[in-house]
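Engineer: Sending over a structure as structure tokens; questions will come in a sec.
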Amino acid sequence: MSAPKVTALAVEQSTVDATSGDATVTIDWTVTDGNAAATDMSGALTVQQVGTDGRLIGAPRSLTFSFQPQWPYQASAVAGTIASAEYSYAFPVPQYAAASTARWAVVKAAAQDDQGGVLTMGRQKLAGFDAAFTATHLVDSTGPAYDGLGTVLDQPEYLYNADTSVTTRYRLHITDADSGFFRGELVLGGPQGATASGSFRVTQDTDGTQQCGDYTGYDTHDIFCTVEVDVPADAPAGIWSVSRLRLTDASGTVSVAKGLSQDPVHITRNSTVQASDFAISPAQYNNWNTPAPLTITMKPSGFQGGIASVTVLLDGCGGSVTDNPVIAPDGTISVRATAPPIYTKRCTVTGIGLTDGAGESAAYGTAFHGPALDLVATQIPDTAAPVVNSASLDVTSVPASTLPRNAVLTLDVTSFVGVDGFSLTVYDADGEPVGGMSGGISSVTSGPLELVVPLHQGLAPGAYTVGFTLTDAGDLHTQYGYPGGHGSPVPGGPLVITVTDA
């Protein structure tokens, strides 16, 4: 049993004029598979420009194939069996290249059958086949352009690299009208002339979509990319920023932006500036009705020229950046943060970064990969359900001829976290429900609360009782006035509306 291999490979046109943008070259190849159990195979040929010195130029072009016709593969077998399958495909030749004449060749073949057999053939193994052609192109003399270069939204401003390398992440928008973008390199500059770089490129899935870092696109002429740069643990501490960007398009044409200085990140080992005595107050906050203020305190040391800036990150709560914070007589500084109302149950400080007047910095917390912090504040619990102090109806007797109509139930309530929902039901003399309503309301912590009591057309003359439930923002509830003694009695007595004949 032998692994799959390419036994024939050729191009039908040795030269082609691609300047019109719609030229093709037909590539024919045969793949054999010695595994009698195999029933299918898929793979790809790689076609790329080859320089006169043998160097590969520009972006590789992938030609995907499958023995069984299936999406998204470009080619399927035109003759033969899985043991010896023949393929043919009209390869679209790019319109642009870095020179008016370029040589192209099949430089790689890869495939795998459904039994695990693998085919991998590189340039040396394919060199014996007649699989090259020469094309005339329009000249692409302009490299890619970019805009919108900056850190990704969640990129920390500070990073602690005393023990391990740290990663900075950037995003940018790239355009290239002629050949389309292929790959790039972003270089950071740090103190003492230190540099760190990260590379990125467009990759293509079998379904034709292109990926550039975190972004997916369908057109390399206009694409967004992300790039990661690792700053090693032994890199000097200080401010690191983007200093150089190199972009290469699919034809191999390059554009370079030098002398940049943007999107700084503070890299630190906490060796100069430090902080201690971290605290957050209050330990329990009341945000049931309004945002709750929080105060984070710390005591910096080793700084020069005061503290220029403090950044605080919190999980679940609003962080803050405080410029030139006041240093108290006891050496502490205080910064403010906010717990959003009602639904924020917990605020955890995940990062604290400080920069002094001389530009030195320190970083703490998991968000900055720094020493651990243990700063957590929680929402004060809701332990008291709403209380009704009094209840009254605006009408207690209505003629049947005036139905349908509404009565108004006025409650005097007390609620620690605020009543924000209700339901009420109208019952007949037998305790059967004959109407009602429910819904959300604007939060009421104390004072009057008016609810509508619907009285539907067709109610027979008689006495009707109203029962109701109040629910607060913490989902605690109390019930009043329901038949059968369910819930609490209504202060002042049952809520009764009599429907009369008149």
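Since every read-out is calculated from the coordinates, none of them should be taken as a lab result. Bear in mind the structure is a predicted one, so any value in this text is a computation, not a measurement. Ideal geometry is used to build each Cβ from the backbone, glycine not excepted, and the neighbour counts take in all protein chains shown.
Engineer: Going highest first, how would you order 346-354, 148-156 by mean Cβ packing within 10 Å?
Structural biologist: 346-354, 148-156
Engineer: Considering only the chain, what is the antiparallel percent among its DSSP beta bridges, to the nearest 5?
Structural biologist: 90
Engineer: Something else about it: Out of the DSSP beta bridges found with both residues in region 387-500, what percent are antiparallel (nearest 5)?
Structural biologist: 90
Engineer: Check cross-link reach from Lys299 to the aspartates and glutamates: straight Cα distance under 12 Å, and skip same-chain residues fewer than eight apart.
Structural biologist: Asp277, Asp330
Engineer: Right, another one. If you take the Cα Rg of region 98-155 and divide it by 2.2 N^0.38 Å, with N the number of residues, what do you get?
Structural biologist: 1.91
Engineer: Grab the other residues whose beta carbon is less than 15 angstrom from that of Thr350, score K and R as +1, D and E as -1, and report the net.
Structural biologist: My count for the surroundings of Thr350 gives -3.
Engineer: Listing Met298, Met121, Met437 from the residue with the fewest other Cβ atoms within 10 Å to the one with the most, what is the order?
Structural biologist: Ranking Met298, Met121, Met437 by Cβ neighbours within 10 Å, fewest first, gives Met437, Met121, Met298.
Engineer: While we're looking at this one, here's another question. Sum up the charges of everything whose Cβ sits under 11 Å from the Cβ of Phe422, counting Lys and Arg as +1 and Asp and Glu as -1, but leave Phe422 out.
Structural biologist: In short, -3.
Engineer: Let's see if you can work this out: charge +1 on each Lys and Arg Cβ, -1 on each Asp and Glu Cβ, no other charges. What is the dipole magnitude of region 80-232 about its Cα centre, in debye to the nearest 20?
Structural biologist: Dipole size: approximately 580 debye.
Engineer: Cβ under 11 Å from Ala233's Cβ, Ala233 left aside: what net charge do those residues give with Lys, Arg +1 and Asp, Glu -1?
Structural biologist: Taking every other residue near Ala233 into account, the sum is -2.
Engineer: Still on this structure: Gln13's amide H: which non-local residues (gap 5+, or another chain) put their own amide H closer than 5 Å, with H modeled 1.01 Å from N in plane and none for Pro or chain starts?
Structural biologist: Hits under the 5 Å cutoff: Thr26.
Engineer: Sticking with this structure for a sec: Place +1 on the Cβ of every Lys and Arg and -1 on the Cβ of every Asp and Glu in region 5-139, take the dipole about the Cα centre, and give the residue among Val118, Ala85, Thr32 whose Cα lies farthest towards its positive end.
Structural biologist: So the residue we want is Val118.
Engineer: So how far apart, in nm, are the two label points at Ser488 and Ala502 if each is 7 Å from Cα heading toward Cβ?
Structural biologist: 3.7
Engineer: Using per-residue counts of other Cβ atoms within 10 Å, averaged over each peptide, order 15-27, 247-259 from highest down.
Structural biologist: Highest to lowest by the protection proxy: 247-259, 15-27.
Engineer: Which one, Thr167, Ser261, Tyr218, projects farthest toward the positive side of the charge dipole computed for region 145-268 from Cβ point charges (K/R +1, D/E -1)?
Structural biologist: About the Cα centre, the residue reaching furthest to the positive side is Ser261.
Engineer: Mean shadow of region 145-268, computed from the convex hull of its alpha carbons, in nm²?
Structural biologist: For region 145-268, averaging the hull's shadow over all directions gives 7.8 nm².
Engineer: So if R0 is 45 Å, what FRET efficiency would Asn286 and Gln211 give, r being the distance between their Cβ atoms, rounded to the nearest 0.05?
Structural biologist: 0.45
Engineer: With +1 on each Lys and Arg Cβ and -1 on each Asp and Glu Cβ, and nothing else charged, work out how big the dipole of region 145-268 is about its Cα centre, in Debye to the nearest 20.
Structural biologist: For this selection, approximately 420 debye.
Engineer: Still on this structure, I have one more. Per residue and in Å³, how big is the convex hull formed by the alpha-carbon atoms of region 387-500?
Structural biologist: Measuring per residue, one finds 88 Å³ for the Cα hull of region 387-500.
Engineer: Hey, which lysines would be in cross-link range of Lys108, C-alpha to C-alpha under 23 Å, not counting anything within fewer than 8 residues on its own chain?
Structural biologist: Excluding near neighbours in sequence, the set is Lys5, Lys125.
Engineer: What list of ³J(HN,Hα) couplings, whole Hz, do you get for region 343-352 from phi and the Karplus terms 6.51, -1.76, 1.60, once you set θ to phi - 60° and write x for glycine and proline?
Structural biologist: Karplus values, whole Hz, x for Gly and Pro: 8, 7, 8, 8, 10, 10, 6, 9, x, 9.
Engineer: While we're here: How large is the charge dipole for the chain, taken about the Cα centre, if only the Cβ atoms of Lys, Arg (+1) and Asp, Glu (-1) carry charge, to the nearest 20 debye?
Structural biologist: 1100
Engineer: Sort 374-380, 467-473 by the packing proxy (mean of other Cβ within 10 Å over each peptide's residues), most packed first.
Structural biologist: Highest-to-lowest ranking by the protection proxy: 467-473, 374-380.
Engineer: Which residue, Ala328, Gly208, Ala292, has the largest displacement toward the positive end of the dipole of the chain when charges sit on each Cβ (Lys, Arg +1; Asp, Glu -1)?
Structural biologist: In the chain, that residue is Ala328.
Engineer: Treat the chain as a sphere of radius equal to its Kirkwood radius over Cα pairs and apply Stokes-Einstein at 37 °C in a medium of 0.692 mPa s; give the translational diffusion coefficient in µm²/s, rounded to a whole number.
Structural biologist: The diffusion coefficient I find is 110 µm²/s.
Engineer: Something else about it: What number, rounded to the nearest 500 deg cm²/dmol, is the helix-based mean residue ellipticity at 222 nm of the chain, given -39500 (n - 2.57) per DSSP H run of at least four residues and division by all its residues?
Structural biologist: Calculated at 222 nm, the ellipticity per residue is 0 deg cm²/dmol.
Engineer: Residue by residue, what Karplus-based ³J(HN,Hα) values in Hz, rounded to whole numbers, does region 50-59 have, using 6.51, -1.76 and 1.60 with θ = phi - 60° and x for Gly and Pro?
Structural biologist: Whole-Hz 3J(HN,Hα) from phi for region 50-59: 10, x, 5, 8, x, 6, 6, 10, x, 7.
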